[in-house]
Amino acid sequence: MGMIQSYVEKNPVPGWKKEIELGERAVAIVNQMRPKPKFFVICGDLCHAFPDQQPEIRKKQETDFKKIFEKLDPEIPLICLCGNHDVGDTPTTETIDLYRSSFGDDFFSFWYGGVRFLALNSQYFEDASKVPELAQKHEKWLNEELQLAKQEESRVIVFQHIPWFLSDPDEETNYFSIKPNIRKVWLEKFKNSGVVHVFAGHLHRNAGGSYKGMPVTVTTAMGAQLGDDMPGLRIVRVLQKEVEQVFYSLDELPTVIDL
Ligand SMILES: [Zn+2]
């Protein structure tokens, strides 16, 4: 919400009409999908304005964001994750509290159809300098979830904002992925704990790769694009043995999903 006009078009006047239009189109198509999706997940950066820099604009964007997603079929839960734009590049207890009061927990797990889903707050891996205790809690929680998953031998799917890597687990430090020293530790833990797929955002392009056979998929935005992709959604089919995923632009998004 707000990135197209301010960042892509460099228009100093705040506005997010285009995102509203794209969001409403996406919701209308998802509502028609059959079978109904089990849930709809947005991997962070729900709105563009940083809460600590432009609080007034942020509030307006959040209001409009919620208006769009209130129209989602009530039988299709909306799962929101926080991105750097939602809690700040360097989160503080204030920005985390603001996020939680507006959207709920900034990290959590849930079950669906025998699969354990984890929603992370990847900003704790990026810069926890002002929230070391919160980052510790997040880390403890994640370790416990992975431990449980290992004991239960359950399949795990992870959602996060910043991807571990864009295409290659050995890639060097870059703005869009998590630092290599932290990346390696968690990828190895994930791999050993039953994680079968990781989904992320942040890049505003489609990308992805795999770590020892565990795919990390990056989905572009429903709004502003920084590459050649079109705004769209990824449909993920969790089958008996595998997880299949295909990205569709809004123009191509099907309403009948073959399971
Ligand atoms: Zn981001």
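Structure data summary
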item: Residue count for region 218-244, restricted to those that are more than 16 Å from the ligand (Cβ to nearest atom) and within 18 Å of F117 (Cβ to Cβ); result: 12
item: Near pairs, Cβ below 6 angstrom, 6+ apart or cross-chain, from region 53-73 (open to solvent by 100 Å² or more (accessible area, probe 1.4 Å)) to any residue that is at pLDDT 95 or above and hydrophobic (A, V, I, L, M, F, W, C); result: K71/V27
item: Candidates A49, A128, filtered to the one that is aliphatic (A, V, I, L, M), open to solvent by 10 Å² or more (accessible area, probe 1.4 Å) and over 17 Å from F159 (Cα atoms); result: A128
item: Region 3-55, residues that are small (G, A, S) and either in contact with a Ser or Thr (Cβ under 7 Å, 6 or more places away or on another chain) or at pLDDT below 95 (or both); result: S6
item: Filter result (in contact with an Asp or Glu (Cβ under 6 Å, 6 or more places away or on another chain) and more than 13 Å from the ligand (Cβ to nearest atom)) within region 74-95; result: T90, T95
item: Every pair of residues 6+ apart whose Cβ atoms lie under 9 Å, when the first sits in region 238-259 and is surrounded by 10 or more Cβ atoms within 10 Å (Cβ to Cβ) while the second is part of a loop (DSSP other than H, G, I, E, B) and among the small types (G, A, S); result: V238/G113
item: Pick from region 33-64, criterion of a type in the set (V, I, T) and away from the ligand (no atom under 16 Å from the Cβ), ranking: farthest from S102 (Cα to Cα); result: I57
item: Top-ranked residue in region 148-161 [being among the hydrophobic types (A, V, I, L, M, F, W, C) and over 19 Å from Q245 (Cβ atoms); ranked as nearest to the ligand (Cβ to nearest atom)]; result: A149
item: Enumeration of residues in region 174-208 that are open to solvent by 70 Å² or more (accessible area, probe 1.4 Å) and either within 16 Å of the ligand (Cβ to nearest atom) or farther than 20 Å from Y124 by Cα (or both); result: Y175, K179, K191, N192, R205
item: Region 77-120: number of residues that are under 24 Å from K60 (Cβ atoms), open to solvent by less than 10 Å² (accessible area, probe 1.4 Å) and in a loop (DSSP other than H, G, I, E, B); result: 6
item: Number of positions in region 182-225 that are of a type in the set (A, V, I, L, M) and over 19 Å from D168 (Cβ atoms); result: 4
item: Residues of region 81-130 satisfying the condition of being of a type in the set (A, V, I, L, M, F, W, C) and touching a His at 6+ places or on another chain (Cβ under 9 Å); result: L81, C82, F107, L120, F125, A128
item: I20, sole failed condition from (1) open to solvent by 40 Å² or more (accessible area, probe 1.4 Å); (2) in contact with a Gly (Cβ under 9 Å, 6 or more places away or on another chain); (3) closer than 24 Å to I162 by Cα; result: (2)
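The values are calculated or read from the model by the stated rules, or taken from the named source; none is laboratory data. Remember, it's a predicted structure, so these values are computed and weren't measured experimentally. Every residue, glycine as well, gets a Cβ built from its backbone with ideal geometry; the counts of neighbours run over all protein chains shown. Quick note on the areas: whole protein, heavy atoms, side chains included, nothing else; ligands and nucleic acids left out. Shrake-Rupley method; radii C 1.70, N 1.55, O 1.52, S 1.80 Å.
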